[in-house]
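Q: Before I ask anything, let me first share the structure, which is written out below as structure tokens.
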Amino acid sequence: MEKRRRLAFGLFSDIRRNGTSYLLILPAMAYTFIFGYMTYPYMIIAFQRFNYTKGIFNSEWVGFQNFEFFFRSYKAVSVTFNTLFLNLLFIVFGTLTALAIALLLNELRKKLFVKLSQSVMLFPHFISWIVVSYVLYAFFSMDMGIINQALNALGLASVNWYTEPEVWPAILTAMNVWKGAGMSAVIYLATITGIDETLYEAAEIDGANRWQMCLRVTLPLMMPTVIILTLLSIGKIMYGDFGMIYALVGDNGTLYSTTDIIDTYVFRSLRQIGDPSEAMAVGLFQSVIGFILVFGTNAITRRFFRDGALY
């Protein structure tokens, strides 16, 4: 009891001393509380036939019937595989690209050029996927697309890219990396700037060149940050980037075999059915799988690389 009182007193004292900082974080805390924690009770509608009039505590219980909506679908296996496969591509290529950018920027000595490069690479992160979809169409359009014009200039026939599902995992991966690698690179670059300079000085005295310093000093000290960010990404591996997929692919059924993910499939289904219980059932399934993946990956990381584990 005494320990709790000391903790509470310390918290209130810290709030008084740093009131402005707590005021700045208040909107984020309110958002998280309202749209995060206050939504937890609604998870029970995954096991109900939810009725808006009766509410979440008086609706009829149906057990696991809502989960059958997804698991008995003939596309359940396909959209689950697409979700995992695309997210795995995003994680692998996004991480490698961001690491490469951060390491290259760290080796540059012209600070003005580094700042300009960071600004240019961060810019795509703030562009809407809707805008990106038009840019993508300018490249891959059948008649006026830049890619087809280049093919025609080489004497090759035009390709209708929007009817070629096998190329779209690569296209989506490239767009995801282009849009997000700059932000991740900034995080990795901040990690590099926090490395003790005396380590580089000691390596230089031992005769190491810049490449050897990168391999023996920079990369090992970046690994905890890389692993933590990867673990957080794995936790969302069952959640496809709905905004990205729907903006770039839309309702193009020709491409569903390689681009249709759980989120877009459920959206299209519920747009016709309109049952929130079935939507919650799929969301709960995604959350449970994500938790298992994070817990399992963290256990493996803690066993072989303790410094990179989340807990």
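The values are calculated or read from the model by the stated rules, or taken from the named source; none is laboratory data. None of the values given here were measured: they were computed from a predicted structure. Cβ placement follows ideal geometry from the backbone for every residue including glycine, while neighbour counts extend to all protein chains displayed. What goes into the accessible areas is simple: the full protein's heavy atoms, side chains included, and nothing from ligands, DNA or RNA. Shrake-Rupley method; radii C 1.70, N 1.55, O 1.52, S 1.80 Å.
Q: Ignoring solvent entirely, what values of log10 I(q)/I(0) come out of the Debye formula for the stretch 94-134 at 0.14, 0.30 Å⁻¹ when each Cα is a single scatterer?
A: Log10 I(q)/I(0), no solvent term: -0.41, -1.01.
Q: Another question about this same structure. Ignoring ligands, DNA and RNA, what percent of the accessible area of the stretch 3-95 is carbon or sulfur (1.4 Å)?
A: 69 percent
Q: Still on this structure, I have one more. With every protein chain left in place and a probe of 1.4 Å, what is the accessible surface of GLU60, to the nearest 10 Å²?
A: Rounded to the nearest 10, the figure is 100 Å².
Q: Let me ask you something else. From the P(r) of the stretch 198-311, can you give the percent of Cα pairs sitting at distances over 22 Å?
A: Value for the stretch 198-311: 57 percent of Cα pairs lie more than 22 Å apart.
Q: Ordered by packing density, taken as the mean number of other Cβ atoms within 10 Å over each peptide's residues, highest first, how do 212-220, 122-130, 79-87 rank?
A: The densest-packed peptide leads the list: 79-87, 212-220, 122-130.
Q: Evaluate the relative contact order of the chain (contact order divided by residue number), counting alpha-carbon pairs under 8 angstrom at least 6 apart; express in whole percent.
A: The value is 25 percent.
Q: How do LEU23, LEU88, LEU284 rank by accessible surface area computed with a 1.4 Å probe, from largest to smallest?
A: LEU23, LEU88, LEU284
Q: Given charges of +1 on the Cβ of Lys and Arg and -1 on the Cβ of Asp and Glu, with all other atoms neutral, how large is the dipole of the stretch 114-266 about its Cα centre, in debye to the nearest 20? List each step's numbers first, then the result.
A: Numbers: 5 positive and 12 negative charges, 36 e Å.
Dipole size: approximately 180 debye.
Q: Whose amide H sits under 5 Å from the amide H of GLN48, counting only residues 5 or more places off or on another chain, with H placed in the peptide plane?
A: When sequence neighbours closer than 5 places are left aside, the close amide H contacts are VAL62.
Q: Let me ask something else. If each Cα of the stretch 14-85 is one equal point scatterer, what is log10 of I(q)/I(0) from the Debye formula at q = 0.14, 0.16, 0.18, 0.24 Å⁻¹?
A: Cα-only, vacuum Debye calculation for the stretch 14-85: -0.72, -0.79, -0.85, -1.02.
Q: Tally Lys/Arg at +1 and Asp/Glu at -1 over every other residue whose Cβ is under 15 Å from the Cβ of GLY94; what's the total?
A: Value of the local net charge: +1.
Q: What is the chain by shape, rounded, prolate or oblate, if you read a ≥ b ≥ c off the alpha carbon gyration tensor as root eigenvalues and call it rounded for a/c under 1.5, prolate for a/b larger than b/c, and oblate otherwise?
A: Oblate is the answer for the chain, as a/c is 1.5 or above yet b/c matches or exceeds a/b.
Q: Net charge near PHE267: determine it from the other residues with C-beta under 14 Å of the C-beta of PHE267, scoring Lys and Arg +1 and Asp and Glu -1.
A: -3
Q: Simple spin-label model, 7 Å along Cα-to-Cβ: PHE304 to PHE12 in nm?
A: Taking the simple label geometry, PHE304 and PHE12 are separated by 5.0 nm.
Q: Taking R0 as 45 Å, what's the FRET efficiency between THR20 and SER158 from their Cβ-Cβ distance, rounded to 0.05?
A: On the way: r = 59 Å, r/R0 = 1.32.
Once the sixth-power term is evaluated, E becomes 0.15.
Q: Return the distance in nm (one decimal) between the two label points of a simple spin-label model at ASP143 and THR39, each offset 7 Å from Cα along Cα→Cβ.
A: It works out to 4.2 nm between the two label points.
Q: Given charges of +1 on the Cβ of Lys and Arg and -1 on the Cβ of Asp and Glu, with all other atoms neutral, how large is the dipole of the stretch 177-311 about its Cα centre, in debye to the nearest 20?
A: 240 debye
Q: Which of the helices in the chain, when you take each full DSSP H run, stretch at least 27 Å along the axis at their Cα atoms and have an average Kyte-Doolittle score of -1.0 or higher?
A: Qualifying helices: 76-107, 168-193, 276-304.
Q: Follow-up question, since we're still on this one. What is the magnitude of the charge dipole of the chain about its Cα centre, with +1 placed on the Cβ of each Lys and Arg, -1 on the Cβ of each Asp and Glu, and no other charges, expressed in debye to the nearest 20?
A: Here the size comes out at about 1040 debye.
Q: Between rounded, prolate and oblate, where does the stretch 159-219 land on the alpha carbon gyration tensor, with a ≥ b ≥ c its root eigenvalues, rounded for a/c under 1.5, else prolate if a/b exceeds b/c?
A: Judged from the Cα gyration tensor, the stretch 159-219 comes out prolate (a/c at least 1.5, a/b above b/c).
Q: Using a/c under 1.5 as the rounded threshold, could you call the stretch 31-153 rounded, prolate or oblate? The axes a ≥ b ≥ c are square roots of the C-alpha gyration tensor eigenvalues, and prolate needs a/b larger than b/c, oblate otherwise.
A: Prolate, because a/c is 1.5 or more and a/b exceeds b/c.
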